[in-house]
Amino acid sequence: MIYPHEHLAVDLSGPKCDIDCRLDRKDAVVAEFRGLRDRGVTLVVDLTNRGMGRDVAYAREVQEKSGVRVLHATGWYKEGFFPPEVYESDVGRLESIMRDETEAGIDGAVRASVIGEIGTELDRITPEEERVFIAASRVQAETAAPIVTHATMGRMGMEQIDLLEAHGADLSRVTISHVDLTNDLEYILRLIDRGVTVGFDTIGKTAYLDDAHRVRMLKELSRRGRCGSVVLSMDITRRSHLKERGGVGYAHLIDDFLPRLRVSDDTAAVPEEHIRLMTRDNAARLLGVF
Ligand SMILES: [Zn+2]
């Protein structure tokens, strides 16, 4: 299995004024990742990028101690979380920073495999966010790296697609994240029709949306034969999401969520081949790992 949208270390505590948003519990993350490995997870994508508290050495240590492979990301998150370099750089400079991290490596070390998560505000795209998206499209055209977006509350997906497409991105290598939070299946189907993959990647974040809605939408996507365009993940970002703090933990997707897809009640169960697409094959195709 692959978890394509996670964070091993992330620090959004400054802008959010909440120390809970500094995920820095390495030993606890290692322990949970060992549990993931025992459940068949082989690969996790760490989408923490520039300005989010990215810590590649920490992520490498989690990989070594847990046996779960970790891939790294480049790019910038969204307005309110951008470091000064975003405001000081034109598109060309942003492009060259991401290209360097993708081709030469982060700090000259391990390469970034993914451009993401790059985001937009709730119902608008700021000029800085637009520059990041344009630069990301150009880097993808040169390197073929997959792009993963952050759609705040799942919204603005169509506008993100328009922007990426206009600047040369390959939509078959783009994932629009957090669309589950809209609880709007018709919107999600319209995104899929544009050729992107959509992320149901806030599984377990029941303060935003009860998992029952995710189950209902995924069963309907399965019934319509659209699971080839969906990936599943949890987007763990807070100390309180971890097991040791009473949170659901990274294994919630496997232990609690997938069993609900496999249940046949008033709606049919999701067949195993569809679950395999959403938990492994689609992400493997996007990442170019098999
Ligand atoms: Zn995320």
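Please treat every number below as a calculation from the coordinates, not as lab data. Bear in mind the structure is a predicted one, so any value in this text is a computation, not a measurement. Here the Cβ is made from the backbone with ideal geometry for all residues, glycine too, and neighbour counts use every protein chain on show.
Of note:
- The stretch 1-94: trypsin sites (Lys or Arg not before Pro) falling in loop per DSSP and having at most 14 other Cβ within 10 Å: ARG39
- Qualifying trypsin sites (Lys or Arg not before Pro) in the stretch 204-290, where qualification requires a DSSP coil assignment and no more than 15 other C-beta atoms within 10 Å, comprise ARG224, ARG262.
- Normalising by residue count, the chain has a Cα convex hull of 116 Å³ per residue.
- Calculated mean residue ellipticity, 222 nm, the chain: -11000 deg cm²/dmol, from DSSP H runs (n ≥ 4) at -39500 (n - 2.57) each, averaged per residue and rounded to 500.
- Going from the fewest other Cβ atoms within 10 Å to the most, the residues CYS21, CYS227 appear in the order CYS21, CYS227.
- Potential extension, ASP38-ALA141 segment - 0.36 nm per residue separation minus Cα distance: 33.4 nm
- At full extension, ARG223 and GLU272 could sit 16.4 nm farther apart than now, given 0.36 nm per residue minus the alpha carbon distance.
- 14 Å Cα-Cα reach of LYS205 towards aspartates and glutamates, excluding residues that sit fewer than 8 places from it in its own chain: GLU6, ASP180, ASP235, ASP256
- Extension reserve of the LEU171-TYR208 stretch, reckoned as 0.36 nm per residue once the Cα distance is removed: 10.6 nm
- For LYS16, the lysines whose Cα falls under 16 Å of its own Cα, not counting residues fewer than eight places away in the same chain, are LYS78.
- Rounded Å value of the spacing that divides the Cα centres of the stretch 3-22 and the stretch 138-214: 20
- Whole-number percent relative contact order across the chain, with pairs defined as alpha carbons under 8 Å at least 6 apart: 18
- The smallest convex shape that holds all Cα atoms of the stretch 107-250, its convex hull, gives 128 Å³ per residue.
- Using a Förster distance of 22 Å, the FRET efficiency for GLU103-ASP281 (Cβ separation, nearest 0.05): 0.25
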